[in-house]
1. Mean-square fluctuation check for the chain, GNM, Cα pairs under 10 Å: which of 51, 116, 88 is largest?
2. Using a basic spin-label model with each label point 7 Å from the Cα along Cα→Cβ, how many nm lie between residue 90 and residue 72?
3. Could you derive backbone 3J(HN,Hα) for region 76-92 from the dihedral phi with the Karplus parameters 6.51, -1.76 and 1.60 (θ = phi - 60°), listing whole Hz in sequence and x where the residue is Gly or Pro?
4. With springs connecting C-alpha atoms under 10 Å apart, model the chain as a Gaussian network and identify which of 18, 85, 50 has the largest mean-square fluctuation.
5. Between residue 19 and residue 54, how many nm apart are label points set 7 Å from Cα along the C-beta direction?
6. If packing is taken as the mean number of other Cβ atoms within 10 Å per residue, what is the order of 53-63, 30-40, highest first?
7. Run down the lysines and flag those whose C-alpha is under 26 Å from the C-alpha of residue 6, throwing out any fewer than 8 positions away in its chain.
8. In terms of Cα to Cα distance under 25 Å, which lysines are near enough to residue 106, apart from those fewer than 8 places away along the same chain?
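What follows draws every value from the coordinates through simple rules; no lab data is involved. Everything numeric in this text was worked out from a predicted model, so none of it was measured. Here Cβ is always computed from backbone atoms with ideal geometry, including for glycine, and neighbour counts include all displayed protein chains.
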Amino acid sequence: MELIFKIIGIGIVTCFASLLIKPVRTDFAVIVGLVGGIIILALVMNYFTSIFSAFSQIIDKTGLNKGIFSIVLKIVAIGYLTEFSASICQDCGNNGLAEKMLLGGKVVLLAMSLPIVMDILDIVTELLP
């Protein structure tokens, strides 16, 4: 619970600092925003080990295919990275590029999810008489 307050605090301070600096130096305002984002990402990095550990336990208990798990993690990572990158573009005032990045990310996510969809279809067709 304490971490979310740190994240929110850093985000608000970064936002206000960026707003104060923007009229004077727009390039510094972008840098302030990027540094704030990097600090927030550094704060949540410790949680990744516990998340991966929990997923490993789920795989061990359920006997799921590790390949599917790997694809799901990649899909989640691509979604987060695409959203983060598009937000940076929006912060820099390039909304058109941000929208194209989001579209590209969605296409990649769809392509990566096709093996899972095919596995589900195989399971369903095996269940049918």
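1. Result for the chain, Cα springs under 10 Å: 51 fluctuates most.
2. Result for the modelled spin labels: 2.8 nm.
3. Values per residue, Gly and Pro as x: 5, 4, 5, x, 5, 5, 5, 5, 5, 5, 5, 5, 5, 5, 5, 4, 7 Hz.
4. 50
5. 3.3 nm
6. 30-40, 53-63
7. Cross-link targets: 22.
8. The qualifying lysines are 66, 74.
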